[in-house]
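To start, the structure itself, in C-alpha cells.
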Amino acid sequence: MKNWLRNLKRQKLRNSLTISGVALGIFTLVILGALGEHFRSMVEDSRDYTRGMIRLFTKTNKDGINVGITKETLDKIRAMDEVLLVEPVLTLWLNGFDLESDPLGFMNPGPLVQGLNEEHAQTLRAKVKILDGRWIRKGDKHHAMIAEWLALKRDLKVGGSVTIRNKEYKVIGIYLAPDVPLIPSGIVPYKPLNDDFIKPQLDRAQKFFKNMSKRPAFKMAAPFIKANKLDKELSQSFVREQQSLYRMYDVIPKDRSDAGTNALAQKLREECPELAVIDPDGFAEKMEKAVARFIVLTAIMTIISTVVGGLLIVNTMAMAVIERRKEIAIKAAIGATPRQIVLEFLLEAGAIGLIGAVIGIALSVLTIHLAEPAILDRLENGARIFHLTPRLLVLAASYGIGMGVLAGSLPASRAARVDPALTLRGL
Amino acid sequence: MTKETAIYCSGLTKVYPAPEGHLEVHALRGLDLEIKVGEQVAITGPSGCGKSSFLNILGTLDRPSAGQVKVFGQSIEDLNPKERALYRRNTAAFVFQQFHLIPTLTALENVSLPLHYAGVNAEEARERADKALAKVGLDHRKGHLPALLSGGEQQRVAVARALVTEARLLLADEPTGNLDGATAKDIMALLLESIGDQRTLIVVTHDPEIAAQIGRRIQLRDGLIEKDELSKKVES
C-alpha cells in the first residue's frame, strides 16, 4: 500500500489529472445514476400504489368520436360480481392553470390534487401513511389532506389552511406517500372539487356548442352539417375528451390480488371495448416507457464519461510502464513472476480508479446535497429529484475500481513482457 | 570427498540476431564447463567475449541458442517464464554493477522485496532483511532510500538482497565496476565472506585484482574458454 502511494506520488500532476478524469466520470455516473434510481423507484412505487386498482379512461374511436363513460356503462361495471367500487377521480394541478406565470408548465408539472369520494379515499389507507390528523370522511367539503413534502415546503399544519386553485381548504391530515406523479400531493373530497372547478366549465362548454350551431355565421360556413348531429356527436365528444383529461374512474376489485385485478381488467376490456382499461402492470409499463428514454440517455452519457476516465488510466499506466521498465526488470531479476508484476500494475490502476471513485462519489453526494433543495425550491413538484441508494454508491465504487483494473490490464500485460536482460543492460 | 556439480554446461551457444544487413553476434560458441558446489569462480575476458551472456543464461534472464545448461541438476534452458522467475527467486541471486535498487524503496524494503515475492509474511521478511542488512554492516541505514546512500552502501544493500533468499548460486556481474578501489575491496571481501562453502559464487569482472581474490579463474575469448585455472591458494 505504501509503495502504491509512493508510485502515485511520483508523477503528481499526471496522476492527479487522471484521478480527476476518473472522478468526473464517477461524478457523472452517480448524478445520473441517482436520477435513474429516482425514476426506477417511481416505477416501483407506482406499481405498489396501483396494486389492486384499475383505472378507466375514455378513448377516441376510429370515427374520431369520444363516447365517454356513460352512466349505463358504469352501472354495468358496478353490477359485476368481482367489483367492489367504481368511483370517479378528479386530478388537477393544485395551483391551477396559469401559463402567464409558468409558460413552461407542461415541462415542469407542479403538485397535483385529487378529488376522491370518501369511501374510495379509505381504500388508499394501505398505500399512504397518515402522519398527522385524519382521513377524509363523509360531510367534509373544503377539507384537504396534504403530502408531507408539500406541507414541509409550504409550512402547512393540521388545522391550518391551504390554497387549492385559489380556494381555501382546511388541512385535516398530513400523509407520507412515495414521491410519484400518480400519487397526488393533496387529496380532497370529490364533490366540492367537481362543483367548484369542473362542472361549471363543462356546463359552459356544452352551452357554447349548443348555441354555436344556431349562429348564422356557423350555418353559412358549414351549411351541410346538421345542428342536431353537431350537438349529439361532435360537441359531446369534445366535452368528453376534455373531461377525460382530468376525470377518470377507479375500479376497485373485491379480490385485490394481482391475479384478481388482472382478471377483472381483462373482463373490462372485453365487455367495455370503448374504454381504455389500465391495470397495475399497464401503469408500470407506461411509467417504464416514460423513463426509458431518459435512462438510455443517462446510460450513454455515463458510459462516455467513464470510458474517457478509463482511457486516461490506460495512458497513465502505459507511461508508468515505460518509465519503470528498469524497475520491472529488477523485480523480474529478483524473482517476481510475470503474474506478480501484472498484479502490481493492476492494483495501482485499481487504486487510481478507487481514489477517483471516492472523490467522484464525495463530490456528487455534496452536489446533490447542496443543489437538490435549491432546484426543488424553484420547481415545487416533488420531494426529491435524486435518489442516492447504497447500491448506486457500491456500483460507482466498484465501477471505478473495475474500470481502473480493466484499463490497467493492457499496460500491465506489457509490463510482464519486459525483457529483464535487455533492460538491465540499458538497451 | 568429491563435491556435487553446481553448474554443467555443454555446447553452450548464444547468438544474438542482427538487424537486416548486419552480421549475427556470436556471444558464446559451444562452451563446455563444470563448476562444483561451493566454488568461487571469476569469469574474465575482454569486452564482448560472452561473460555477461553466460551470466544471464545462468540467471535465466536470457536463453541459450543451443547447448545444455544444468544448475544443481536442473536443466534451465527450457523453463517457462514462471519457472524462470521461481528459479531466480529460489536458486540464483544477482548482484549487478549498477546496484539496481528500487529508488522508491528504503534499503530494508529493497532487501525484503525478494521475500515479498516469495510469499514470506511481512514480519518474517522484515526480520530476515534486518539480519541481512546487519550482516553487510548497514543496519543503521535501513530506513534510507538508495539516493541517500553512497555507491558502496548501495552495493552492500544489493549484496544483502542477494543473500536474504539464501539462494545457492550467487551471480555477480562486475560488482565492483562502479566503486573506488578501497570500496571495491570491501565489497569483494564481503561477498567472499558471506557466501560460505555451500553457495557457489560466479563473479564476472574485468579487474585482475578482483579476479586474483577468487579461487578459480575462467578467461573467455570469442565465446570460448581460453584459460581455466585455480589460484595458488586453492591449489595449495
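The values are calculated or read from the model by the stated rules, or taken from the named source; none is laboratory data. Predicted model, so just to flag it, every value in this text is computed and none were measured. Note that we place each Cβ from the backbone using ideal geometry, even for glycine, and neighbour counts take in every protein chain shown. Heavy atoms of the whole protein, side chains included, go into the accessibility calculation; ligands, DNA and RNA do not. Shrake-Rupley method; radii C 1.70, N 1.55, O 1.52, S 1.80 Å.
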For A:PHE27: the one exception among (1) under 18 Å from A:ALA276 (Cα atoms); (2) part of a helix (DSSP H, G or I)
(1)
Unmet requirement for B:VAL25, which otherwise passes all of (1) surrounded by fewer than 22 Cβ atoms within 10 Å (Cβ to Cβ); (2) more than 14 Å from chain A (Cβ to nearest Cβ); (3) β-branched (Val, Ile, Thr):
(2)
Looking at the stretch A:306-326, which of its residues are under 14 Å from A:GLY404 (Cα atoms), in contact with a Ser or Thr (Cβ under 7 Å, 6 or more places away or on another chain) and open to solvent by 30 Å² or more (accessible area, probe 1.4 Å)?
A:LEU312
Look at the stretch A:54-104 and say how many of its residues are touching a residue at least 24 places away in the same chain (Cβ under 8 Å), assigned to a loop (DSSP other than H, G, I, E, B) and among the polar types (S, T, N, Q).
2
Expected single match for open to solvent by less than 50 Å² (accessible area, probe 1.4 Å), over 13 Å from B:THR200 (Cβ atoms) and touching an Asp or Glu at 6+ places or on another chain (Cβ under 9 Å) among B:LEU61, B:LEU55, B:LEU33 is B:LEU61
Qualifying positions in the stretch A:393-425 - exposed (fewer than 15 other Cβ atoms within 10 Å of the Cβ) and either under 30 Å from A:ARG154 (Cβ atoms) or of a type in the set (S, T, N, Q) (or both):
A:SER398
When every residue in the stretch B:78-87 that is within 10 Å of chain A (Cβ to nearest Cβ) and of a type in the set (A, V, I, L, M, F, W, C) is compared, the one surrounded by the most Cβ atoms within 10 Å (Cβ to Cβ) is B:ALA85
Scan the stretch B:34-60 residue by residue and report those that are part of a loop (DSSP other than H, G, I, E, B) and away from every other protein chain (no Cβ under 12 Å).
B:VAL37, B:GLY38, B:GLU39, B:GLY45, B:PRO46, B:SER47, B:GLY48, B:CYS49, B:GLY50
A:ARG125 being free of Cβ contacts under 8 Å to residues at least 60 places away in the same chain, among the basic types (Lys, Arg) and open to solvent by less than 80 Å² (accessible area, probe 1.4 Å):
no
Here is a list: A:ILE368, A:ILE341, A:ILE352, A:ILE330. Which entry is at pLDDT 90 or above, crowded, with 20+ Cβ neighbours inside 10 Å and within 30 Å of A:VAL113 (Cα to Cα)?
A:ILE368
Could you tell me whether B:ARG63 is without any contact (Cβ under 8 Å) to a residue 24 or more places away in the chain, basic (Lys, Arg) and not in a strand (DSSP E or B)?
yes
The lone exception for B:LEU133 - which of (1) more than 26 Å from B:GLN74 (Cβ to Cβ); (2) within 14 Å of chain A (Cβ to nearest Cβ); (3) surrounded by 21 or more Cβ atoms within 10 Å (Cβ to Cβ) it fails
(2)
Considering residues of the stretch B:101-116 that are surrounded by fewer than 23 Cβ atoms within 10 Å (Cβ to Cβ) and either touching a Leu at 6+ places or on another chain (Cβ under 6 Å) or not hydrophobic (A, V, I, L, M, F, W, C) (or both) only, the residue nearest to the other protein chains (Cβ to nearest Cβ):
B:THR104
The stretch A:371-392, residues that are modelled with pLDDT under 90, open to solvent by 50 Å² or more (accessible area, probe 1.4 Å) and not hydrophobic (A, V, I, L, M, F, W, C):
A:PRO373, A:ASP377, A:ARG378, A:ASN381, A:ARG384
List the strands (runs of 3 or more DSSP E) inside the stretch B:165-236, counting only whole elements, that have at least 2 residues being within 12 Å of the chain's Cα centre (by Cα).
B:169-173, B:200-204
Taking the conditions exactly as written (within 27 Å of B:LEU31 (Cα to Cα) and modelled with pLDDT under 90), does B:GLN68 satisfy them or not?
no
So, in the stretch B:88-100, exactly how many residues are more than 7 Å from chain A (Cβ to nearest Cβ) and crowded, with 21+ Cβ neighbours inside 10 Å?
4
Selection from the stretch B:42-52 of residues open to solvent by less than 20 Å² (accessible area, probe 1.4 Å) and out of contact with any Leu (no Cβ under 7 Å at 6 or more places or on another chain) yields B:ALA42
Considering only the stretch B:69-77, I want to know if a residue exists there that is open to solvent by 20 Å² or more (accessible area, probe 1.4 Å), at the interface with chain A (Cβ under 7 Å from one of its Cβ atoms) and within 24 Å of B:ARG161 (Cα to Cα).
no
Top-ranked residue in the stretch A:312-358 [being away from chain B (no Cβ under 11 Å), in contact with a Phe, Trp or Tyr (Cβ under 8 Å, 6 or more places away or on another chain) and not small (Gly, Ala, Ser); ranked as nearest to A:LEU410 (Cα to Cα)]
A:MET317
Under the condition of being not hydrophobic (A, V, I, L, M, F, W, C) and not in a helix (DSSP H, G or I), which residue from the stretch A:270-287 is least open to solvent (accessible area, probe 1.4 Å)?
A:ASP279
